[in-house]
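Student: First, the structure itself, so that you have it in front of you.
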Amino acid sequence: MTDLETPRLFLRLMSASDALQVMAGKPGNGARWALGYPSPGEMAAAERFLDTCATTGDPSPFGSYEIRRRDNGEVIGGLGFHGAPDENRHVTIGYGLVPSAQGMGYASEALRALLLFARDQGVSSVHGDTDLDNLASQHVMTAVGMHLVKEDALLKYYRIDWEQQAEE
């Protein structure tokens, strides 16, 4: 398994059994979930991960990660990839935190680590999107170096391209 660490967080790659627990809303033995975890978004990510495992195999290390606080081990959210890189080496990411952990820089810290990991794995572009009114998520993606590339009636779309940056 590929787990990632930041100064305040431990990003633990989820297994299929972890995803089943998230979908059921029941923590496994010894797991400490913050109030509000898993969110509907986390449950949807777990379902997407399990569907990917069933159709194309385990995408690890391009799967879903629990976001745990290093100081107490509590799971405060999740982030991850929507699947393995495509033929152009592009991936899509998503993330979310429980309300009590929002506004403390955890999302930026976790996403920054995930982006560095993706780049180190040869990914050339990472995509993400957010609701038009989700200013906090827009700030997170901008703070980690992602750029707004498109907007429609529902979403704002962000991405970061490392090959382009190397050419500039």
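The values are calculated or read from the model by the stated rules, or taken from the named source; none is laboratory data. Just so you know, these numbers come straight off a predicted model, no measurement behind them. Here the Cβ positions follow ideal geometry from the backbone for every residue, glycine too, while neighbour counts run over all protein chains shown. For the accessible areas, the whole protein counts, side chains as well, though only heavy atoms, and no ligand, DNA or RNA atoms are used. Shrake-Rupley method; radii C 1.70, N 1.55, O 1.52, S 1.80 Å.
Student: For D129, all conditions in the list (1) under 15 Å from the mean Cα position of the chain (by Cα); (2) open to solvent by 60 Å² or more (accessible area, probe 1.4 Å); (3) farther than 29 Å from G25 by Cβ hold save one; what is the number of the exception?
Tutor: (3)
Student: Taking only pairs six or more apart or across chains, which ones have beta-carbon atoms under 9 Å, a first residue in the range 115-126 that is closer than 11 Å to E163 by Cα, and a second residue that is open to solvent by 80 Å² or more (accessible area, probe 1.4 Å) and in a helix (DSSP H, G or I)?
Tutor: S124/E163; S124/Q164; S125/E163; S125/Q164
Student: Go through the range 60-84 and report how many residues are part of a loop (DSSP other than H, G, I, E, B) and under 14 Å from the mean Cα position of the chain (by Cα).
Tutor: Residues flagged as part of a loop (DSSP other than H, G, I, E, B) and under 14 Å from the mean Cα position of the chain (by Cα) within the range 60-84 amount to 7.
Student: Return yes or no: is T6 under 16 Å from the mean Cα position of the chain (by Cα), of a type in the set (V, I, T) and modelled with pLDDT of 90 or more?
Tutor: In short, yes.
This table checks each residue for (1) open to solvent by less than 50 Å² (accessible area, probe 1.4 Å); (2) touching a residue at least 60 places away in the same chain (Cβ under 8 Å).
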residue	(1), (2)
M43	no, no
L50	yes, no
P61	yes, yes
E74	yes, no
L79	yes, yes
H82	no, no
E87	no, no
L97	yes, no
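Student: Which one of the conditions (1) modelled with pLDDT under 90; (2) hydrophobic (A, V, I, L, M, F, W, C); (3) touching a Phe, Trp or Tyr at 6+ places or on another chain (Cβ under 6 Å) does A19 fail to meet, given that it meets all the rest?
Tutor: If we test A19 against (1) modelled with pLDDT under 90; (2) hydrophobic (A, V, I, L, M, F, W, C); (3) touching a Phe, Trp or Tyr at 6+ places or on another chain (Cβ under 6 Å), just (1) comes out false.
Student: Just the residues that are open to solvent by 60 Å² or more (accessible area, probe 1.4 Å), part of a helix (DSSP H, G or I) and more than 17 Å from G96 (Cα to Cα), please, taken from the range 132-168.
Tutor: E163, Q164, Q165, A166, E167, listed by residue number.
Student: Report the residue count in the range 1-41 for those that are outside any loop (DSSP other than H, G, I, E, B), among the small types (G, A, S) and free of Cβ contacts under 8 Å to residues at least 40 places away in the same chain.
Tutor: 2
Student: Within the range 113-126, is there a residue that is assigned to a strand (DSSP E or B), open to solvent by less than 80 Å² (accessible area, probe 1.4 Å) and either touching a Cys at 6+ places or on another chain (Cβ under 6 Å) or modelled with pLDDT of 95 or more (or both)?
Tutor: yes
Student: Filter the range 24-34 for residues that are open to solvent by 80 Å² or more (accessible area, probe 1.4 Å) and over 14 Å from R68 (Cα atoms); which is nearest to the chain's Cα centre (by Cα)?
Tutor: Top of the filtered list is K26.
Student: Does G94 satisfy the condition of being part of a strand (DSSP E or B) and out of contact with any strand residue (DSSP E or B) (no Cβ under 6 Å at 6 or more places or on another chain)?
Tutor: In short, yes.
Student: While we're here: Going residue by residue through the range 100-111, is there one that turns out to be assigned to a strand (DSSP E or B) and open to solvent by 40 Å² or more (accessible area, probe 1.4 Å)?
Tutor: No; the residues of the range 100-111 include none that is assigned to a strand (DSSP E or B) and open to solvent by 40 Å² or more (accessible area, probe 1.4 Å).
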